[in-house]
1. Which of the listed residues, A:19, A:60, A:46, is farthest toward the dipole's positive end in segment A:1-73, when Lys, Arg count +1 and Asp, Glu count -1 at the beta-carbon?
2. I'd like to check one number: the per residue accessible area of chain A, probe 1.4 Å, reported in Å² as a whole number.
3. Whenever you get a sec, line up A:486, A:173, A:510 from highest to lowest accessible area (probe 1.4 Å, protein heavy atoms).
4. Per DSSP helix of 4 or more residues, -39500 (n - 2.57); summed, then divided by the residues of chain A. What does that give at 222 nm, rounded to the nearest 500?
5. For chain A, what is the relative contact order in percent, using Cα pairs closer than 8 Å and at least 6 residues apart in sequence?
6. Mind checking segment A:18-64 for GluC sites (Glu not before Pro) that DSSP puts in a loop (not H, G, I, E or B) and that have at most 16 other Cβ atoms within 10 Å?
7. Which distance in Å, rounded to a whole number, links the C-alpha centroids of segment A:178-231 and segment A:281-296?
8. Running Debye on segment A:11-103 with equal point scatterers at the Cα sites and no solvent, what base-10 log of I(q)/I(0) appears at q = 0.15, 0.19, 0.26 Å⁻¹?
Amino acid sequence: MARPMSETQTLYAAFAARIGAALAALEEEAVLPAGTPRDAVSVEPPRDPSHGDLATNAAMVLAKAAGTNPRALAERIVEKLAGAPLVESAAIAGPGFINLRLVPATWLAELRAIAALGPDYGRSPIGAGRTVNVEYVSANPTGPMHMGHCRGAVVGDALAALLEFAGHRVIREYYVNDAGGQVDVLAESAYLRYAEALGTDIGEIPPGLYPGEYLVPIGQALAAEYGDRYLDAPADEWRPLFRKRTVAAMMELIKADLALLGIHHDVFSSEAELQAAGKPAHAEAWLREHGLVYDGHLEAPKGKEVEDWEPVELPLFRSTRFGDDQDRPIRKSDGSWTYFGADLAYHMQKAESADELIDVWGADHAGTVKRIKAAVAALSEGQGRTIPFDVKLVQMVQLLRGGEPVKMSKRAGTFVTLADVVREVGKDVVRFTMLTRKPEAQMDFDFAKVVEASKDNPVFYVQYAHARISSTLRKAAAEGIAPADEALDRLGAEELALVALAAQFPREVEAAARAREPHRIAFYLYDLAAAFHAFWNMGNDDPAKRIILTQDAQLTAARLFLAARIGQVIRNGLAILGVEAVEEL
RNA sequence: GCGCCCGUAGCUCAGCAGGAUAGAGCAUCGGAUUCCUAAUCCGGGGGUCACAGGUUCGAAUCCUGUCGGGCGCACCA
């Protein structure tokens, strides 16, 4: 046990392993029952730095299993840890915390580990061997992306990157809702533009159709390709073609918008193709076999008057068996599939190639979470394997400009497009800002504030820290000094404190990945940037604390080495968020 | 009426698997600029973690209820 740390082993991983070894030893001595689960054992920095460098709650969470009290068990664990390499002292505190004080060389080893791992520093194996399907965006293919889609897009994309960094294989997926009635409306709208392109005066776009200008080029393209062939033809003749062509064009628009945000999906699944392949019918048959679909009557909606309510018999999925409030229809009275019916089959399809599913939805779809969770639960049960399934609900974003709400009307076609916003404030600002709040909390997005270049704005604050590091390295290079790790032992307490914070990056990644919360990375980076800015400013008060000391090349090289590693961690974190680490501002 | 989310400093929000004395920014007050980028930093004041119960060695965190705000509640998507 207690192997010395290797070049590339990170601190928290090393000590988690060491404590595990100590616990295993105690199992052999029968102090702990064999096979005691250790999931709740954590290794973390103590709240108060004066307590030491690392703390573990092992004694507290395992005391019950050991049949003793936390402090007594802590003593047994401390015996095993006290003599370990790099440990200066191990003490029991409070209700049974074990505080470890480490020799300073520990931090220097971590610095070298960051250097050795580079862009891989912080990667975790917790997801190894697991494939996660993350479905996000899935905006209807009826027009360009608007700001209502933005937050889910960014959160989903960052979540996918985070899970990948934490070792999962990730499938980024987009569900194209190209089968519903709205797509007919879209086709009709495009048909109008087609007629317009051929010289017909179409006047005002009738209410209910899509009025957006973005359909004009589609109409022109269709006119150029087909001439007036469909101008006086019955709708049945052109509708399927116009649907297909317009949806395809809309998806190109959407993909271009997503590209502006740096988002690229691996898989686009078409609802229409899903239906054409008979997947929903197959799902229905399977569910009927398992007694989970039956023909029954839908209850009238509660708390809401429906004038022409008539009970009809429909095929219902027994979602109440899995916690839903009502059984849900999978087909309409005309026999076509409901959105849910197709979505249910879609989730079955996704589960074929993934161990785990995550959907990122807007909060306006909160009402349908239970039924789709019920569907996946039914699938899990029927297949006899657990399919973990999470729906991340992303709350609304209120758009402001200098404190005033930005007026939007979908009907009038005056929504704020994602492309406009990215053009105005930039990709990095949009992405980072969307991640500075937990997704389930509502947020404001103020155009005036997010472009502010001050510490009030976390994007700039973090990028500024990185730019400062870059410029320092440039300046040092110009003076002929390169970062080097030969004299790291000359680094002082302030420098080691900075390393201690950087060393937490791997566990932040793991915690964020486990919680499926990429915003934690953004907050961590803010803290790390703050620590670096504070460190930097010590050089303003005391010139001896500057990074570049022309009269001491050796110490300068060591400090540059430190600064470069902090920069590396910032880069790795920003990479998860999909934000550029700039070299200068 | 029902379901989901939220409620933490004057404002905007963090709070990491239930852990030690609840944190940051803004605002406010007082300081640092012959400087490697002051686009930054240091310090002061500011809290009944909405409220009431419960679970336990320990709750901002978990459970129940109440109040307040948001979203949703069609065979729509």
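1. Positive-end residue among those listed: A:60.
2. Values: 26580 Å² over 585 residues.
Result: 45 Å² of accessible area for each residue.
3. Solvent-accessible surface, decreasing: A:486, A:510, A:173.
4. Helices in chain A give a 222 nm mean residue ellipticity of -15500 deg cm²/dmol.
5. 15 percent
6. Working: sites: A:27, A:28, A:29; in loops: A:29.
Sites meeting the loop and neighbour criteria: A:29.
7. Comparing the Cα centres of segment A:178-231 and segment A:281-296, I get a distance of 39 Å.
8. Cα-only, vacuum Debye calculation for segment A:11-103: -0.49, -0.80, -1.54.
The values are calculated or read from the model by the stated rules, or taken from the named source; none is laboratory data. Please read all numbers here as calculations on a predicted model, not as lab measurements. Glycine gets a Cβ as well: all are built from the backbone with ideal geometry, and neighbour counts include every protein chain shown. Heavy atoms of the whole protein, side chains included, go into the accessibility calculation; ligands, DNA and RNA do not. Shrake-Rupley method; radii C 1.70, N 1.55, O 1.52, S 1.80 Å.
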